[in-house]
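The values are calculated or read from the model by the stated rules, or taken from the named source; none is laboratory data. Computed from a prediction, not measured in an experiment: that's the story for all the values here. Virtual Cβ from ideal backbone geometry, glycine too; neighbours counted across all protein chains shown. Just the protein is used for accessible areas: all its heavy atoms, side chains included, with ligands, DNA and RNA removed. Shrake-Rupley method; radii C 1.70, N 1.55, O 1.52, S 1.80 Å.
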Amino acid sequence: MALAEAWNWLSVQGLLIPEPRTNGNNGWMLLSRRARTILANDSFKTYARSVAFPKALLHPSIADEVWLDIVRGDLETAVFKAFRAVEVAVREAGHFADTDIGTALMRKAFDKMTGPLSNLQQPEAEREALAHLFAGAIGSYKNPHSHRTVSISDATEAQEMVILASHLLRIVDSRR
């Protein structure tokens, strides 16, 4: 039973494919290009951890695209796309111009006194902290990817980053 389950998992993940010639019609399988790459890079544990990452944790606006990047191991792209989505959502929700970008946009949108996305019902210190959170996230995770090549080698770290972006997107949704 365990062998059958493992074989099925490998097939579902696209790691085992039918042999393309006549033998494939008779049940013969071979390793896909993805499987051979994973074996060559000795990265199966990273792949398995990425595939197990729950897509449901991600904000609907980024879930499909960012999750696929994570599974493919394109961690830098996943993080960049997630935080670019945050920047775009803040710009749209706050009715800012396309020229409003980066940390300055975040500080303007969540300004503790005048920010259109600031919740004036919250204490001033919390409004200010939220502005810092958004500006810090964009400054730390989006801007570096916009201006230079940044390498992310830890899949778990990338997953945590995109979950943060998802949380920020949910905050923006609550302010629309």
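Overview of results
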{"quantity": "Residue within the stretch 130-139 that is assigned to a loop (DSSP other than H, G, I, E, B) and closer than 21 Å to Ala109 by Cβ present", "calculated": "no"}
{"quantity": "Those residues of the stretch 110-129 which are surrounded by fewer than 17 Cβ atoms within 10 Å (Cβ to Cβ) and part of a loop (DSSP other than H, G, I, E, B), in sequence order", "calculated": "Asp111, Met113, Thr114, Pro116, Asn119, Leu120, Gln121, Gln122, Pro123"}
{"quantity": "Condition met for Val79 (within 30 Å of Asp98 (Cβ to Cβ), surrounded by 12 or more Cβ atoms within 10 Å (Cβ to Cβ) and either among the hydroxyl-bearing types (Ser, Thr, Tyr) or in contact with a Leu (Cβ under 6 Å, 6 or more places away or on another chain) (or both))", "calculated": "no"}
{"quantity": "Conditions (1) under 25 Å from Glu157 (Cβ atoms); (2) in contact with a Phe, Trp or Tyr (Cβ under 9 Å, 6 or more places away or on another chain); (3) among the hydroxyl-bearing types (Ser, Thr, Tyr); number of the one not met by Thr77", "calculated": "(2)"}
{"quantity": "Output for the stretch 1-32, where each listed residue is open to solvent by less than 80 Å² (accessible area, probe 1.4 Å), on the phi < 0 side of the Ramachandran plot and part of a loop (DSSP other than H, G, I, E, B)", "calculated": "Gln13, Leu15, Glu19, Ser32"}
{"quantity": "Those residues of the stretch 131-152 which are closer than 21 Å to Leu57 by Cα and either crowded, with 17+ Cβ neighbours inside 10 Å or of a type in the set (S, T, N, Q) (or both), in sequence order", "calculated": "Phe134, Ala137, Ile138, Tyr141, Lys142, Ile152"}
{"quantity": "Which numbered condition Ile171 fails, given (1) surrounded by 15 or more Cβ atoms within 10 Å (Cβ to Cβ); (2) of a type outside the set (S, T, N, Q); (3) under 21 Å from Leu58 (Cβ atoms); (4) in contact with a helix residue (DSSP H, G or I) (Cβ under 7 Å, 6 or more places away or on another chain)", "calculated": "(4)"}
{"quantity": "Residue among Val12, Val66, Val51 that is hydrophobic (A, V, I, L, M, F, W, C), in contact with a helix residue (DSSP H, G or I) (Cβ under 7 Å, 6 or more places away or on another chain) and without any contact (Cβ under 8 Å) to a residue 60 or more places away in the chain", "calculated": "Val51"}
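A quick yes/no check of all residues on (1) touching an Asp or Glu at 6+ places or on another chain (Cβ under 9 Å); (2) farther than 30 Å from His147 by Cβ; (3) in a helix (DSSP H, G or I); (4) at pLDDT below 90:
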| site | (1), (2), (3), (4) |
| --- | --- |
| Arg34 | no, yes, yes, yes |
| Glu65 | no, no, yes, no |
| Thr77 | yes, no, yes, no |
| Arg84 | no, no, yes, no |
| Ala89 | yes, no, yes, no |
| Glu92 | no, no, yes, no |
| His95 | no, no, no, no |
